[in-house]
Amino acid sequence: MPARQQSASLSGSSGTNSALWRFSLFAFVVASIIWLGAVNARLLIGNDILKTGTAEFLEYINPDAEREVYRLLSLMSIAVIGGYTIAFTSSIIFLVFSPLRVKEHGWLLMSAILFYMFVPVEIYTLYLDWKMIYLEFFTTTDNDMFREIFMERIRALQGIPLIAMLCYYTVIGLAVFQPMKNRLVLSSVQREQPA
């Protein structure tokens, strides 16, 4: 009888954990779509004031049009900061409560390494994004300050943010195809479970 009560309490707690990791996975997917989509939109918007294929400003830019580009970049930065913060938090919750273990799922381990390896880079770039948001919504500064932060954001850390983006897209591929599963461990676990 105590064994039944113990298994019932374990199944109740595992039901709570199941809902938690499933919700965190859903939050991670939605936040990642918002975050990566905003990053790509920001890249496209920022290219409107640069010479094609360079990090140099166009020679003749209407100041009002340039100001509008910075306003749009600031709005995209809000989505980037919010999306990344939720994605980062929900990914930790997912890894803690998910029944998937990194020992048995190499794709999950590689995805976690590729995602968390660039956290310091993201924190620095989010700081630059916050500076642009602050200038847009809390000051009345001119375009020169925006240009300075914009160029600092483009040249941040010698292009490491671009490498990070490529790694994030690799994580998507790893999650879809799920290579490096330890099939021996999985099959032995399935054999040990009673029918």
**Prompt:** In vacuo Debye scattering of the chain, one point per C-alpha: log10 I(q)/I(0) at q = 0.16, 0.18 Å⁻¹?
**Reply:** -1.04, -1.22
**Asked** About the Cα centre of the chain, what is the dipole size in debye to 20, counting +1 per Lys and Arg Cβ and -1 per Asp and Glu Cβ, all else neutral?
**Response** 1280 debye
**Request:** Could you state the angle between the C-alpha long axis of helix 160-177 and the longest principal axis of the C-alpha atoms of the chain, as a value from 0 to 90 degrees rounded to the nearest 10?
**Result:** 30 degrees
**Request:** Using only Cα atoms, find the angle between the long axis of helix 2-46 and the longest principal axis of the chain, and express it within 0 to 90 degrees, rounded to the nearest 10.
**Result:** 20 degrees
**Item:** Debye log10 I(q)/I(0) for the stretch 101-188, one point scatterer per Cα, at q = 0.10, 0.22, 0.25 Å⁻¹
**Value:** -0.42, -1.00, -1.13
**Request:** Could you name the lysines whose alpha carbon sits less than 19 Å from that of residue 181, not counting residues in the same chain fewer than 8 places away?
**Result:** 103
**Asked** Using a Gaussian network for the chain with springs between C-alpha atoms less than 10 Å apart, which of these wobbles most: 141, 170, 125?
**Response** 141
**Asked** Contour minus end-to-end for residue 142 and residue 103, with contour as 0.36 nm per residue of separation and end-to-end as the Cα-Cα distance?
**Response** 8.7 nm
**Message:** As I understand it, the value is the acute angle between the Cα axis of helix 63-97 and the longest principal axis of the Cα atoms of the chain; what does it come to in degrees, rounded to 10?
**Reply:** 10 degrees
**Prompt:** What is the gain in length, in nm to one decimal, between residue 121 and residue 48 on full extension, counting 0.36 nm per residue of separation less the C-alpha to C-alpha distance?
**Reply:** 23.8 nm
**Prompt:** Counting pairs of alpha carbon atoms under 8 Å apart in space and at least six apart in sequence, what relative contact order in percent does the chain give?
**Reply:** 26 percent
**Asked** Loop-only check: which GluC sites (Glu not before Pro) in the stretch 33-99 are DSSP coil with at most 14 other Cβ within 10 angstrom?
**Response** 56, 59
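Computed from the coordinates by the stated procedures, all read-outs in this text should not be read as laboratory data. All figures in this text were calculated on a predicted structure; none of them were measured in a lab. Reconstructed Cβ throughout: ideal geometry from the backbone, glycine too, with neighbour counts over all protein chains shown.
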